[in-house]
Amino acid sequence: MNCFKHNTVPAIGICKSCYKGLCSECARDVGQGLACEGLCENGAAELDEMNERGKKIYGIGKYNTRIPSSGVLMWGAVSIALWILVAVLFYTTGRFSWDVAAPAIFVSIISAFAVYSARRTGLKC
């Protein structure tokens, strides 16, 4: 394969943004690959930024963490708060209230589904 701009010069790589062959004169190192000088450098930088954002969202590489996603934490906190309310009402009134227990059960089911989905997909957002 030859350079797209200099047809007689052999290509040393492919542009990360437009996928054209590049010779040493046309190629610019953009960190994680090559880009066309002046034409695709911004596009290649944007691709790198999108890849880094994806790694953060999915918890890949240096962004891997044991902390659950914010949605899982939120549903868990609401579930715990509702069960605490059920317990407080039971101990203060001496009777079990389905008016409070039903939402607690419903939110607990949603929390369990959120944990399952987060573990299945690996999503960390």
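The values are calculated or read from the model by the stated rules, or taken from the named source; none is laboratory data. Small disclaimer: the values here were computed from a predicted structure and weren't measured. Virtual Cβ from ideal backbone geometry, glycine too; neighbours counted across all protein chains shown.
List the pairs whose first member sits in region 43-55 and is closer than 16 Å to Tyr19 by Cβ and hydroxyl-bearing (Ser, Thr, Tyr), whose second member is in a helix (DSSP H, G or I) and modelled with pLDDT under 90, and whose Cβ atoms are under 6 Å apart, counting only residues at least 6 apart or on separate chains?
none
In the set Gly21, Gly59, which member is surrounded by 14 or more Cβ atoms within 10 Å (Cβ to Cβ) and in contact (Cβ under 8 Å) with a residue 40 or more places away in the chain?
Numbers: Gly21 fails: in contact (Cβ under 8 Å) with a residue 40 or more places away in the chain.
Gly59 is the lone residue from the list that is surrounded by 14 or more Cβ atoms within 10 Å (Cβ to Cβ) and in contact (Cβ under 8 Å) with a residue 40 or more places away in the chain.
Taking the conditions exactly as written (in a helix (DSSP H, G or I), among the acidic types (Asp, Glu) and in contact with a Phe, Trp or Tyr (Cβ under 9 Å, 6 or more places away or on another chain)), does Glu52 satisfy them or not? Give the steps one after another, and end with the answer.
Values: in a helix (DSSP H, G or I): yes; among the acidic types (Asp, Glu): yes; in contact with a Phe, Trp or Tyr (Cβ under 9 Å, 6 or more places away or on another chain): yes.
Judged against the criteria, Glu52 is a match.
Within region 68-102, work out how many residues are within 30 Å of Arg53 (Cα to Cα), touching a residue at least 12 places away in the same chain (Cβ under 8 Å) and aliphatic (A, V, I, L, M).
2
Please state which one of Leu82, Leu47 is closer than 30 Å to Cys36 by Cβ and in contact with a Ser or Thr (Cβ under 9 Å, 6 or more places away or on another chain).
Leu47
Is it the case that Ser108 is of a type outside the set (Val, Ile, Thr) and either surrounded by fewer than 14 Cβ atoms within 10 Å (Cβ to Cβ) or in contact with a Pro (Cβ under 8 Å, 6 or more places away or on another chain) (or both)? Outline the logic, then answer.
Details: of a type outside the set (Val, Ile, Thr): yes; either surrounded by fewer than 14 Cβ atoms within 10 Å (Cβ to Cβ) or in contact with a Pro (Cβ under 8 Å, 6 or more places away or on another chain) (or both): no.
When the stated conditions are applied, Ser108 does not pass them.
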